[in-house]
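Structure first, commentary second.
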Amino acid sequence: MTIGRGLLALLFVFAGVMHFVVPKAYVGIMPAMLPDPLLLVQISGVAEILGGVGLLFGNTRTFAAWGLVALLIAVLPANVTMAMHPERFASIPGWVLWGRIPLQLPLVWWAWLYTRR
């Protein structure tokens, strides 16, 4: 296993677990147009955990990596929602809220690297 793949797996497993530890934080960034925010937070948390774990095994790596690419694209509206409503996230500097949006690109690229192996 490469260090990069292990770090990405750890990042996603940690992020997924956090969906269950502090679900209210994730519910708060969900776009208002989406139904049942808590259920969507739980589903995305499970997807992150499964994707992270899936990166660790050769027979699931490609599928997991594609799933994480799709997930990163799917959660982009939540990052935009945060940036567009900074008043909801007063403890987070505005540059961080806006910085999350372009950060998705290197994360997508990092996950995509493991679709080919």
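Given 0.36 nm per residue, what is the gain on full extension from residue 27 to residue 74 after removing their alpha carbon distance, in nm? Don't jump to the answer; show the numbers that get you there.
Numbers: separation 47, 0.36 × 47 = 16.92 nm, distance 1.49 nm.
Extra length from residue 27 to residue 74 when fully extended: 15.4 nm.
Segment 1-72 and segment 91-117 have Cα centres spaced 13 Å apart.
Each of 88, 61, 116 was scored by other Cβ atoms within 10 Å of its Cβ. Arranged with the fewest first, they read 116, 88, 61. Secondary-structure-derived ellipticity at 222 nm for the chain, considering helices only, amounts to -23500 deg cm²/dmol, per-run term -39500 (n - 2.57) for DSSP H runs with n ≥ 4. Put a dot 7 Å past the Cα of residue 53, heading toward its Cβ, do the same for residue 109, and the two dots end up 3.1 nm apart. Take every Cα pair under 8 Å in the chain that's 6+ residues apart, average their separations, divide by the length, and report that relative contact order as a whole percent. For the chain, the relative contact order is 28 percent. The fewest-to-most ranking of 19, 85 by surrounding Cβ atoms within 10 Å reads 85, 19.
Each label point was placed 7 Å from the Cα along the Cα-to-Cβ direction; for residue 7 and residue 92 their separation is 2.2 nm. Of 38, 107, 68, the sequence from fewest to most neighbouring Cβ atoms within 10 angstrom is 38, 107, 68.
Report the charge-dipole magnitude of the chain in Debye, nearest 20, computed about the Cα centre from +1 at each Lys and Arg Cβ and -1 at each Asp and Glu Cβ. Working shown, then result.
Numbers: 7 positive and 3 negative charges, 69 e Å.
That gives a dipole near 340 debye.
Helices of the chain meeting both criteria, an alpha-carbon length of 18 angstrom or more along the long axis and an average Kyte-Doolittle score not below 0.0, with helices taken as full DSSP H segments, are 3-21, 37-54, 61-74, 94-113. In this simple spin-label model, placing a label point 7 Å from the Cα along the Cα-to-Cβ direction at both residue 46 and residue 20 gives a separation of 1.1 nm. Each residue of segment 3-113 gets 99 Å³ once the volume of the Cα convex hull is shared out per residue.
Bear in mind that the values in this text are calculations on the coordinates, not laboratory data. Everything numeric here is computed off the predicted structure, so don't read it as measured data. No Cβ is skipped: glycine too gets one built from the backbone with ideal geometry, and neighbour counts run over all protein chains shown.
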